[in-house]
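Asker: Pasting in a structure now, in structure tokens, and then I'll have a few things to ask.
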Amino acid sequence: MASRCYPCDHSVGPRPGSNSTGDPEGACAICGVLACQGHGRREINAAKFQCVICIPIVVAASVAATAKKSTQLAQQLSVLLEGLGASAWLISTVADFVERYPEFSGITREIAVIQHDAPHAYTTNQTEPFYSSLDSEQQALLLLAILIILRLEIPTDLLPEPLQTLVKPWRQ
Ligand SMILES: [Zn+2]
Ligand SMILES: [Zn+2]
């Protein structure tokens, strides 16, 4: 049986400016799935191949590195961060992200728009205390992760639990 690209099989959109081919180019160093050239690339700073589904996971988990651990969501994101296993993946600011993933720079321009709506999206006992505990740079990174998930149409059930909770209000 021929190997197939996992994001292709789950109808995930390709990285901006690239095309998905279905033919695996490598295996993701974080989650292990096979990904084609549209759905993965070698991350220069980490010197590892990374799939497109793990990009928003890395961005959201990076928020946990500096967030207060007072809420359940922050704790779940820290567990995710530990699971990444390498600080080389960490993203500290939106500018840092654009430097590492320049093909996604168009998406970062939408952050201000959804930052305006976020207080209306995060209103539950779980999401409100977490979101309001973040400073504006942390909020921007978290919303960047959400935007990538929405724009690439990554299915909610492929995401770890804290991200499922954080993406749901935007998909209702
Ligand atoms: Zn693919
Ligand atoms: Zn991956």
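Just so it is clear, none of the values below were taken in a lab; they were calculated from the coordinates. Remember, it's a predicted structure, so these values are computed and weren't measured experimentally. Note: ideal-geometry Cβ built from the backbone for every residue, glycine included; neighbour counts use all protein chains shown.
Asker: Between residue 75 and residue 11, what length in nm is gained on full extension when 0.36 nm per residue of separation is reduced by their alpha carbon distance?
Answerer: Here the answer is 20.0 nm.
Asker: To continue, here is another question. Please list the non-local residues whose amide H lies under 5 Å from the amide H of residue 49, H modeled 1.01 Å from N, same-chain partners needing a gap of 5 or more.
Answerer: Those lying under 5 Å, H to H, from residue 49 are 29, 43.
Asker: What whole number of Å gives the distance from the Cα centroid of the stretch 130-171 to the Cα centroid of the stretch 41-62?
Answerer: Comparing the Cα centres of the stretch 41-62 and the stretch 130-171, I get a distance of 16 Å.
Asker: Just subtract the alpha-carbon distance of residue 116 and residue 66 from 0.36 nm times their residue separation and send over the number in nm, one decimal.
Answerer: Here the answer is 15.8 nm.
Asker: A further question on this structure: Using only Cα atoms, tell me the angle between helix 136-151 and the longest principal axis of the chain; keep it within 0 to 90° and round to the nearest 10.
Answerer: Roughly 40 degrees between the two axes.
Asker: Next question. On the Cα set of the chain, report Rg and Dmax in Å, please.
Answerer: Both quantities, over Cα of the chain: 15.4, 49 Å.
Asker: Starting with the fewest neighbours, write out 150, 166, 159 ranked by other beta-carbon atoms found within 10 Å of each beta-carbon.
Answerer: If I rank by nearby Cβ atoms, fewest first, I get 150, 159, 166.
Asker: Can you work out the Karplus-derived ³J(HN,Hα) for every residue in the stretch 158-171? Use 6.51 cos²θ - 1.76 cosθ + 1.60 with θ = phi - 60°, whole Hz, and x for glycine or proline.
Answerer: 8, 9, x, 3, x, 6, 4, 4, 7, 8, 3, x, 8, 10
Asker: While we're here: Normalised by the number of residues in the stretch 48-172, what is the relative contact order in percent for Cα pairs under 8 Å and 6+ residues apart?
Answerer: RCO, the stretch 48-172: 35 percent.
Asker: Most exposed first by the Cβ proxy, i.e. fewest other Cβ within 10 Å, how do 41, 171 rank?
Answerer: 171, 41
Asker: Taking neighbour Cβ counts within 10 Å as the exposure measure, how do 89, 170 sort from fewest upward?
Answerer: 170, 89
Asker: Sticking with this one: What base-10 log of the normalised intensity I(q)/I(0) is obtained for the stretch 1-52 from the Debye formula, alpha carbons as equal point scatterers, at q = 0.18, 0.23, 0.30 Å⁻¹?
Answerer: -0.47, -0.75, -1.15
Asker: Have a look at 115, 138, 50 and tell me which one the Gaussian network model of the chain (Cα, springs below 10 Å) gives the largest fluctuation.
Answerer: Highest fluctuation among the options: 115.
Asker: Show the residues, 5+ positions off or on another chain, whose built amide H is closer than 5 Å to the amide H of residue 26.
Answerer: Close amide H contacts, sequence-distant or interchain: 35.
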